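Trainee: This is the structure, below, for whatever I ask next.
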Amino acid sequence: MVEDLSALSYIAPNLPRYEIDREKFWAWWHEASIPIARLTRDSRGNGQGWDGELWNGLTIWQKPDYQKTIVWKVNHQVNEELFGEIIERVHKDLPWYDIQGLTLWSNKVFIGAHHDGLPRDRFPSAPRINLIDECENDTFFLVNRKNLKRTYPNLRTGPNLFLFNNEDFVHGADAPIGGKKVLIRIDGPLKDPEGLQKYIREQVEAGAKCGI
Ligand SMILES: [Fe+2]
């Protein structure tokens, strides 16, 4: 039994891995993705000044107001062939969220440990999918704020939808070695925190991959 979900750094529920046609994906990515630039401060006070040198990416699905709420400049491009099924599945796999936007992120360099502006829950509630990972190294890491222990979730094999704790842990990414990694960032308010916590407890009990 998991007593305290705030001790969990991340959980990757026992779901089939999200896959995509890589040949078609890379051909499209090189045309469509742009450097992501920060437009304004986020709610944690992370400021301006990163002019696209950290990430490339673009939004693949959004609700009308999404671009008004985010602090990043990102393109929006629809590609039903590549992402239609994935978008449908994300909504089915994460019924506790009012999803506002799905954005691809690919870090180009080392990203220092930080909190994202949102979410602020004391349990793993920041959803991502490690959609493509051709790196030789696990890049994404979490650091426990209390004991500074650093964890690198292995998301290159097995389930690749995961949720991380953006409040009790900080996160960052090592520079990719030998290939690229592309995450799907899932943005939108958590409308049913109790439901998600119940699901996380069930997943831990069932042996899902998780970290402390
Ligand atoms: Fe972040």
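Trainee: All but one of (1) modelled with pLDDT under 95; (2) farther than 21 Å from Arg17 by Cβ hold for Arg156, so report the exception by its number.
Mentor: The single condition Arg156 does not satisfy is (2).
Trainee: Within segment 1-101, which strands (runs of 3 or more DSSP E) (wholly inside it) include 3 or more residues that are touching a His at 6+ places or on another chain (Cβ under 9 Å)?
Mentor: Values: elements: 10-12, 34-38, 51-62.
Where strands (runs of 3 or more DSSP E) fall fully within segment 1-101 and carry at least 3 residues being touching a His at 6+ places or on another chain (Cβ under 9 Å), they are 51-62.
Trainee: Then there's this: Output yes when any residue across segment 145-161 is more than 12 Å from the ligand (Cβ to nearest atom) and closer than 21 Å to Gly101 by Cα, and no when none is. Even if it seems obvious, please write down each step before you answer.
Mentor: Restricting attention to segment 145-161, the residues satisfying the condition of being more than 12 Å from the ligand (Cβ to nearest atom) are 145-161.
This time we only want the ones that are closer than 21 Å to Gly101 by Cα, so: 160-161.
Yes, there is a match, as at least one residue in segment 145-161 is more than 12 Å from the ligand (Cβ to nearest atom) and closer than 21 Å to Gly101 by Cα.
Trainee: A further question on this structure: Condition check: hydrophobic (A, V, I, L, M, F, W, C) and in contact with a Phe, Trp or Tyr (Cβ under 8 Å, 6 or more places away or on another chain). Does Ile86 satisfy that?
Mentor: Taking the combined requirement at face value, the residue satisfies it.
Trainee: While we're here: With a cut-off of at least 2 residues that are among the basic types (Lys, Arg), crowded, with 18+ Cβ neighbours inside 10 Å and over 14 Å from the mean Cα position of the chain (by Cα), name the strands (runs of 3 or more DSSP E) lying wholly within segment 115-181.
Mentor: Working: elements: 126-133, 140-144, 161-164, 169-173.
Output list is empty.
Trainee: List pairs: first in segment 125-140 and in contact (Cβ under 8 Å) with a residue 60 or more places away in the chain, second among the hydroxyl-bearing types (Ser, Thr, Tyr), Cβ under 8 Å, 6+ apart or cross-chain?
Mentor: That search, which allows pairs on different chains as well, returns Ile129/Tyr18; Leu131/Tyr18.
Trainee: Every residue in segment 109-129 that is within 14 Å of the ligand (Cβ to nearest atom) and either closer than 25 Å to Trp26 by Cα or touching a Gly at 6+ places or on another chain (Cβ under 7 Å) (or both), please.
Mentor: Matches in segment 109-129: Val109, Phe110, Ile111, Gly112, Ala113, His114, Pro127, Arg128.
Trainee: Another question, if that's okay. Could you please let me know if Val109 is assigned to a strand (DSSP E or B), more than 14 Å from the chain's Cα centre (by Cα) and not charged (D, E, K, R)? Lay out the reasoning, then the answer.
Mentor: Values: assigned to a strand (DSSP E or B): no; more than 14 Å from the chain's Cα centre (by Cα): yes; not charged (D, E, K, R): yes.
No, not satisfied.
Trainee: May I pose another question? Looking only at segment 77-114, which residues are of a type in the set (Val, Ile, Thr) and either without any contact (Cβ under 8 Å) to a residue 60 or more places away in the chain or loosely packed, with under 15 Cβ neighbours inside 10 Å (or both)?
Mentor: Here is the first cut: in segment 77-114, the residues of a type in the set (Val, Ile, Thr) are 78, 86-87, 90, 99, 103, 109, 111.
Across segment 77-114, the qualifying residues are Val78, Ile87, Val109.
The values are calculated or read from the model by the stated rules, or taken from the named source; none is laboratory data. Just so it is clear, the structure is predicted and the values come from calculations on it, not from any experiment. No Cβ is skipped: glycine too gets one built from the backbone with ideal geometry, and neighbour counts run over all protein chains shown.
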